[in-house]
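Here's the structure we're looking at; comments come further down.
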Amino acid sequence: MIKQVLPLSGILALRFFGLFIVMPVLSLYALEMEGATPILMGIAIGGYALTQVLLQIPFGLVSDRIGRKKTIFFGLLVFILGSVVCAMAESIEMLIVGRFLQGAGAIGGVVSAMIADLVKEERRTKAMAVMGATISMSFTAAMILGPIIGSSFGVDKLFWLTALLASLAILVLFINVPEAPLVSYSFEAEESRWQEVLHDKNLQLMNLTNFLQKAFMTLAFLIIPLALVKGMHFEHQDLWKVYIPAAILGVLSMAPAAILAEKKGYFKGVLLFGIVMFALSYTCMVSREPWLFILGVMLFFIGFSAHEPIMQSLASKYAKAHQKGAALGVFTSFGYLGSFFGGLLGGHFYQWFGIFSIACFVGSVSIVWLILIFRMKNPAHQKNLYLSLLEYPRERFSRLLEMEGVLEWYVNENERVAIVKYDQTSVSGETILERMK
């Protein structure tokens, strides 16, 4: 598993590092440019999320048709182009164009889909945990190095570094990432329309979960620096003393969350735990007591990181094999949409009503969120059978099409293995094997 996951996780981490490293200093850089206004500065900072939202679904659909690897390569090229435009920008308008292009390399959902292709479903949560940990580490490193490199060499050098790292990601893609397996589906006549993905109730709940999780993240990063610097008189250069311990606690919470979901089947329980942590964290962050506020920051990172290793795995479990790219593209789009609206609403709440209003909003939404997650089906009941085509000829699998409890079957042509996904509450693996004789 590690051999397949680490290179892809590294590609995603390098790309996110490039996006994260400019965030601590981009606002100051943008304001100094020709034609800059606060509104245009805001667009320059958040513009990448808009193109991510618009293009995650198209990238996912394209990857289902032409292949994951080619799609990832194209996305990295677009990201490099955007980074170069940002590095050469002399006006705020050119910087905005570059940021839009950076976001247009929308490969997050495609990378997740390729991991789902390469890793067996029973080990997918661990794979997503590895990916989540590398992204978390890239975020932590970016928060530390961004201000140091930007102040020492200039913010434009950060964008050149971003382009260089994305070029390195392309080398990793072609040297270390295997081709995704060629898959034949049990329903080849069906079209992989993204509208069908939107109608699945479990996928709808996962999309909502990603939206709210990312929205609460944006709200947190709006509140934390403002409260620490303006309300508690922290120095800007001391913020890492809060962020780094919180990020470490978050990384440490990933493994238990993945184990509970994977080994024990407590997928819903882990999601519910994360939601409770969100509500508690914002409650603590209302306090003017530094220790209680910092406790809230710690709780937030724990809840957020507990969700990270299982959410994409859950989304891929609910999607049919021929819809993974489209489903994860929609899922990722909702996350970026949450980031956009979290910042937009959070800014208005903070300006007009203060932090207390944000905490009340998060608490109210969390209650509704908890109720909805209780209604979601537990994918722990889904199991897979791996049947060799040498022992079970392909034509026999047509017997499973109308069998109750069989969700789908498809063939890994590279390994000559058929994968039968079934709901063990409706049918047993032994019954399926008996039907195949």
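Readers should treat all values here as calculations from the given coordinates under stated rules, not as data from a laboratory. Only a predicted model underlies this, so the values are computations on that prediction, with no experimental measurement involved. For neighbour counting, all protein chains shown are included, and Cβ atoms are generated from backbone atoms with ideal geometry for every residue, glycine included.
Which translational diffusion coefficient, to the nearest whole µm²/s, is obtained for segment 39-111 from the Stokes-Einstein equation, given a Kirkwood hydrodynamic radius over C-alpha pairs, 20 °C and 1.002 mPa s?
Working: Rh = 12.3 Å.
Taking Rh from Cα pairs, D becomes 175 µm²/s.
What's the FRET efficiency of residue 208 with residue 34 using the Cβ-Cβ distance as r and R₀ = 45 Å, to the nearest 0.05?
Values: r = 41 Å, r/R0 = 0.92.
According to the calculation, E is roughly 0.65.
Give me the Å³ per residue figure for the convex hull around the C-alpha atoms of segment 363-406.
Details: hull volume 4.7 nm³, N = 44.
So the per-residue hull volume is 107 Å³.
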Between residue 365 and residue 390, what's the calculated FRET efficiency when r is the beta-carbon distance and R0 is 56 Å? Round to 0.05.
0.60
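What is the calculated FRET efficiency for residue 378 to residue 230, with r their C-beta to C-beta distance and R₀ = 41 Å, to the nearest 0.05?
Numbers: r = 44 Å, r/R0 = 1.07.
With R0 = 41 Å, the Cβ-Cβ based efficiency is 0.40.
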If the limit is 21 Å between Cα atoms, which of 69/421; 201/377; 201/264; 214/264 go over it?
69/421; 201/264; 214/264
Once you order the gyration tensor axes a ≥ b ≥ c over the Cα atoms, which shape class does segment 382-422 get: rounded for a/c under 1.5, otherwise prolate or oblate by comparing a/b with b/c?
oblate
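First obtain the Kirkwood hydrodynamic radius of segment 255-323 from its Cα pairs, then insert it into the Stokes-Einstein equation at 4 °C and 1.567 mPa s, and state the resulting D in µm² per second as a whole number.
Details: Rh = 13.0 Å.
The calculation lands on 100 µm²/s.
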Please list log₁₀ I(q)/I(0) at q = 0.28 Å⁻¹ for segment 213-284, using the Debye equation with identical point scatterers on the alpha-carbon positions.
-1.32
Mind giving me the nanometre distance, one decimal, between the label points for residue 168 and residue 416, set 7 Å out from Cα along Cα→Cβ?
4.1
Separation between the residue 272 and residue 144 pseudo-spin-labels, each 7 Å from Cα along Cα→Cβ, expressed in nm?
3.8
